[in-house]
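Q: Attaching a single structure in structure tokens format; questions to follow.
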Amino acid sequence: MNITLAKPDDSDTLTDIAMLAKGYWGYDESFMNAAREELSVSAKKIEASNLFYYCLKSCHDEILAFYCLDTSGEADNNTVELEALFTHPNWMGKGVGQQLFEHACQLSVNMQANALLIQSDPNAVGFYRKMGCEIIGERASGSISGRTLPLMLKTLR
């Protein structure tokens with residue numbers, strides 16, 4: 001397995017993985033339809049200068065999971081946001097997410113960030129806690145009105 005930068009041609013595959021991973025948690029059709037736009041990855045997003053999409057690929061060049069770092073600095077200048085981290089359900093629980101998370105942390109340190117901010121799905125809180133993150137608050141969902149999501153932080157240095 002190797003981790004590489006995503007290419008614009010990967011956008012449909014990344015969107016499929018995001019939708020499958022979110023659907024894994026048993027959300028109903030109405031929820032999934034409401035979240036579709038927020039979970040969609042376009043070629044334009046992959047090419048954006050402040051977003052860094054990385055894929056974990058199998059030895060057969062199949063994308064198994066991906067993450068996105070947002071370096072726009074909206075949180076603050078020393079914090080990078082983990083905009084997305086999704087693993088195909090067939091690969092959940094096999095260390096794929098951990099590999100990507102560790103890669104994201106190292107890339108953030110290389111960018112001189114002191115912390116990684118994560119808006120987590122409630123079902124992923126346990127994973128992020130295992131990765132050393134702590135809940136620091138809540139943030140409104142970008143796609144589901146009235147829903148709040150755990151806001152987590154990983155101190156990098």
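Q: When the stretch 87-108 is examined, which residues are found to be surrounded by 14 or more Cβ atoms within 10 Å (Cβ to Cβ) and farther than 22 Å from Gly23 by Cβ?
A: If the condition is that a residue be surrounded by 14 or more Cβ atoms within 10 Å (Cβ to Cβ) and farther than 22 Å from Gly23 by Cβ, then Gln99, His103, Ala104, Cys105, Leu107, Ser108 are the ones that fit.
Q: Checking the condition touching a residue at least 12 places away in the same chain (Cβ under 8 Å), out of contact with any helix residue (DSSP H, G or I) (no Cβ under 7 Å at 6 or more places or on another chain) and of a type in the set (Phe, Trp, Tyr), which residue from Phe101, Phe127 passes?
A: Result of the check over Phe101, Phe127: Phe101.
Q: On to the next question. Taking the residues in the stretch 110-140 that are part of a loop (DSSP other than H, G, I, E, B) and among the polar types (S, T, N, Q) as candidates, determine which candidate is nearest to the chain's Cα centre (by Cα).
A: Quick first cut of the stretch 110-140, residues part of a loop (DSSP other than H, G, I, E, B) only: 111-114, 120-121, 131-133.
In the following step, the residues that additionally are among the polar types (S, T, N, Q) were identified as 112, 114, 120.
On the way: Gln112: 20, Asn114: 18, Ser120: 9 Å.
Checking each candidate, the answer is Ser120.
Q: Turning to a different aspect of this structure: Within the stretch 61-85, how many residues turn out to be closer than 17 Å to Gln99 by Cβ and part of a loop (DSSP other than H, G, I, E, B)?
A: 2
Q: May I ask you to list the residues in the stretch 1-12 that are surrounded by fewer than 17 Cβ atoms within 10 Å (Cβ to Cβ) and under 15 Å from Leu39 (Cβ atoms)?
A: Listed by number, the list holds a single entry, Asp12.
Q: Could you list all residues from the stretch 112-157 that are surrounded by fewer than 13 Cβ atoms within 10 Å (Cβ to Cβ) and within 21 Å of Leu56 (Cα to Cα)?
A: Across the stretch 112-157, the qualifying residue is only Lys130.
Q: Further question: Pick out the one residue from Glu29, Glu38 that is surrounded by 12 or more Cβ atoms within 10 Å (Cβ to Cβ), among the acidic types (Asp, Glu) and either out of contact with any strand residue (DSSP E or B) (no Cβ under 6 Å at 6 or more places or on another chain) or within 19 Å of Lys94 (Cα to Cα) (or both). Break it down into steps so the answer makes sense when it comes.
A: Values: Glu29 fails: surrounded by 12 or more Cβ atoms within 10 Å (Cβ to Cβ).
Checking each option against the conditions leaves just Glu38.
Q: Give me the residue from the stretch 46-71 that is of a type in the set (Gly, Ala, Ser) and exposed (fewer than 13 other Cβ atoms within 10 Å of the Cβ) and, out of that set, modelled with the highest pLDDT. Steps first, answer last, please.
A: Within the stretch 46-71, the subset of a type in the set (Gly, Ala, Ser) is 48-49, 58, 65.
Within this subset, residues satisfying the condition of being exposed (fewer than 13 other Cβ atoms within 10 Å of the Cβ) are 49, 58.
Details: Ser49: 86, Ser58: 92.
Once the filter is applied, the top-ranked residue is Ser58.
Q: Select from the stretch 14-59 the residues that are aromatic (Phe, Trp, Tyr) and out of contact with any Ser or Thr (no Cβ under 8 Å at 6 or more places or on another chain) and write down the one among them that is nearest to Ala104 (Cα to Cα). Can you show your working first?
A: The initial filter retains those residues of the stretch 14-59 that are aromatic (Phe, Trp, Tyr), namely 24-25, 27, 31, 52-54.
Narrowing further to those that are out of contact with any Ser or Thr (no Cβ under 8 Å at 6 or more places or on another chain): 24-25, 27, 31, 53.
Details: Tyr24: 23, Trp25: 23, Tyr27: 27, Phe31: 28, Tyr53: 10 Å.
Only one residue fits best here, namely Tyr53.
The values are calculated or read from the model by the stated rules, or taken from the named source; none is laboratory data. Given the structure is predicted, the values throughout are model-derived calculations rather than measurements. With ideal geometry, Cβ positions are generated from the backbone for all residues, glycine too; neighbour counts draw on all protein chains shown.
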